[in-house]
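The values are calculated or read from the model by the stated rules, or taken from the named source; none is laboratory data. These numbers come from a predicted model, not from an experiment. Glycine also receives a Cβ, built like all others from the backbone with ideal geometry; neighbour counts cover every protein chain displayed.
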Amino acid sequence: MSIKIEQQIVALLDALRASEQEEKKRYNAAIDIEDMAEATAVTIDARTKIQQLRKWTEDVLTIQKEIHSSSFSTGVPSGSTSPAPSIQEPEQNRIPDIEESPSDDSSTFNASEYVRQKLNQLSKSGFLFSEEQLKSIQDYMWCRNNLRLPHPLARIYDDNKDILEQTSIAGAPRRYWVKERFRFGDITLLIYSGWAPLYIPFFDKWYDSLIVDDMGDDISVVDTTVNIEQVLLPTNEGDFEQVKVGYYIRSKLRELSQTGYTPSNEDIVRWQDKGWSKRTLNLNYVFARIYSDAYPKSAQIAADNGANRYWTEIFEFGSIKLLFCSQWYRQDREFFDRWYDSLVINGEDRAENEAESISAPSNPTEFSLFGSVHTWYNWDDVLVKLCEEMILRNPYKALGIGVKGAININGSPVLWYSEREESEQAHKLSNGLSLMKNIADSEIISCCERILDLCGYDRSKLKIK
């Protein structure tokens with residue numbers, strides 16, 4: 001009978017541990033959920049179930065010990081002094097606790113330890129928080145919106161107050177690290193201890209916006225940047241949805257810099273234009289800024305409202321140093337990839353690329369469009385024929401250009417959707433879009449190139465003769 005009971009108990013323990021492993025996977029996978037409210041709900045639900053499963057496991061282990069010490073297992077009366085065998089959970093089956101304790105090792109990647117090391121690095125660098133930054137990291141709503149934390153990131157430590165009181169929240173003790181106190185100038189901070197992998201991308205985004213340039217050479221700091229990127233960066237194209245878009249774009253820009261790619265003067269001008277950045281990359285800020293050693297980096301990475309909106313990492317392209325916008329969201333990846341794929345990064349000569357652009361002879365007589373030759377009358381006619389060709393070949397993208405306002409000149413749309421009748425200033429296309437007339441020759445060429453790019457065709461499909 002004892003053997004049968006033992007088998008049943010072992011099977012129950014295996015089932016409980018398997019269920020715990022599944023809940024742990026849900027807990028760690030919550031980082032991939034785009035909706036923050038849903039991600040938080042999944043995290044709390046998984047943690048609750050893990051704790052319940054562990055309690056049941058402990059109860060079953062207690063019963064197993066009692067059975068082993070009873071006459072069911074040994075055949076010795078329960079009052080006997082024969083020692084009961086020690087029942088210990090196999091090491092390989094143990095799962096570290098998922099608590100909000102700083103001593104947790106809840107996964108291969110330990111979020112709490114990562115945050116500790118990064119903040120120690122920041123403290124040793126001599127970094128000083130501004131009054132505005134200190135106010136933000138102690139503010140519940142700011143931390144909720146920017147770091148996705150359920151409580152403020154930091155509290156200012158007071159020597160005159162009880163440490164347990166300062167590290168507790170609503171009676172729950174040790175919600176801020178007790179032993180670790182991070183000093184920044186004259187201020188000592190207590191840091192929130194409930195870190196999970198879910199929060200790390202948001203923490204990194206905030207951390208990267210800070211200035212840590214003054215680290216001494218004699219300071220020994222563990223570089224955890226590579227470790228976190230190894231966890232979060234995709235190993236292949238299909239894995240992209242498992243990571244945050246910021247890591248992907250930053251790595252691609254770093255890769256572009258390392259290939260030796262040199263942007264033209266026109267590229268640099270475009271990258272610093274807010275309209276171009278919005279149309280091409282869906283950004284609300286200028287894509288790039290030229291970095292200057294003559295000014296503090298803190299001023300160069302900040303937007304007009306004072307908030308840091310650019311990565312502190314400096315990207316070098318030949319003799320030019322650039323800072324890139326850090327405000328990327330998942331839906332922006334399509335815009336970024338389309339722009340990135342249009343660049344020449346494989347060692348090809350830029351002159352060859354420029355030769356593929358649409359050239360304009362001084363006295364054009366005809367033009368070819370997808371192999372068909374047309375008589376040249378005026379530049380407006382070229383643009384109209386190109387748009388009508390796109391409507392035939394790719395009607396949905398052609399319509400989308402006008403709906404999204406993707407083509408603009410000096411802030412005015414070249415293509416737009418309007419119910420107005422054709423006028424002297426606009427030409428009505430067959431899909432209902434209105435096309436601006438009387439555009440400068442050079443701007444029409446740029447518009448043609450942009451339309452071909454957006455519709456997925458090579459610029460060589462249009463040739464002016």
Self-check item: Filter pass, Gly275 being more than 22 Å from the chain's Cα centre (by Cα) and farther than 13 Å from Leu323 by Cα
Solution: yes
Practice problem: Sort through Glu38, Glu6 and tell me the only one that's more than 30 Å from Phe202 (Cα to Cα), among the charged types (D, E, K, R) and either surrounded by 12 or more Cβ atoms within 10 Å (Cβ to Cβ) or modelled with pLDDT under 75 (or both). | Solution: Glu6
Practice problem: Return yes when Phe127 is at pLDDT below 85, farther than 30 Å from Gln21 by Cα and surrounded by 16 or more Cβ atoms within 10 Å (Cβ to Cβ) and no when it is not. | Solution: yes
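Does Arg116 count as among the charged types (D, E, K, R), in contact with a helix residue (DSSP H, G or I) (Cβ under 8 Å, 6 or more places away or on another chain), crowded, with 16+ Cβ neighbours inside 10 Å and outside the structural domain of Ala307 (by TED's automatic domain parsing)?
Taking the combined requirement at face value, the residue does not satisfy it.
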Self-check item: the stretch 285-342, residues that are closer than 20 Å to Val245 by Cβ, in contact with a Leu (Cβ under 9 Å, 6 or more places away or on another chain) and of a type in the set (Ser, Thr, Tyr)
Solution: Tyr310, Thr312, Tyr340
Practice problem: Looking at (1) surrounded by fewer than 16 Cβ atoms within 10 Å (Cβ to Cβ); (2) at pLDDT below 85; (3) touching a helix residue (DSSP H, G or I) at 6+ places or on another chain (Cβ under 9 Å), find the lone condition where Asp158 falls short. | Solution: (2)
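Hey, which of the helices (runs of 4 or more DSSP H) in the stretch 221-307, taking only ones fully inside, have at least 1 residues that are of a type in the set (S, T, N, Q) and modelled with pLDDT of 85 or more?
Correct list: 245-258, 274-281, 297-300.
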Quiz item: Where in the stretch 344-456 are the strands (runs of 3 or more DSSP E), entirely inside, with at least 1 residues that are of a type in the set (D, E, K, R) and at pLDDT 75 or above?
Solution: 366-369, 426-428
Quiz item: In the stretch 165-209, which residue that is within 17 Å of Phe127 (Cα to Cα) and of a type in the set (A, V, I, L, M) is surrounded by the fewest Cβ atoms within 10 Å (Cβ to Cβ)?
Solution: Ile187
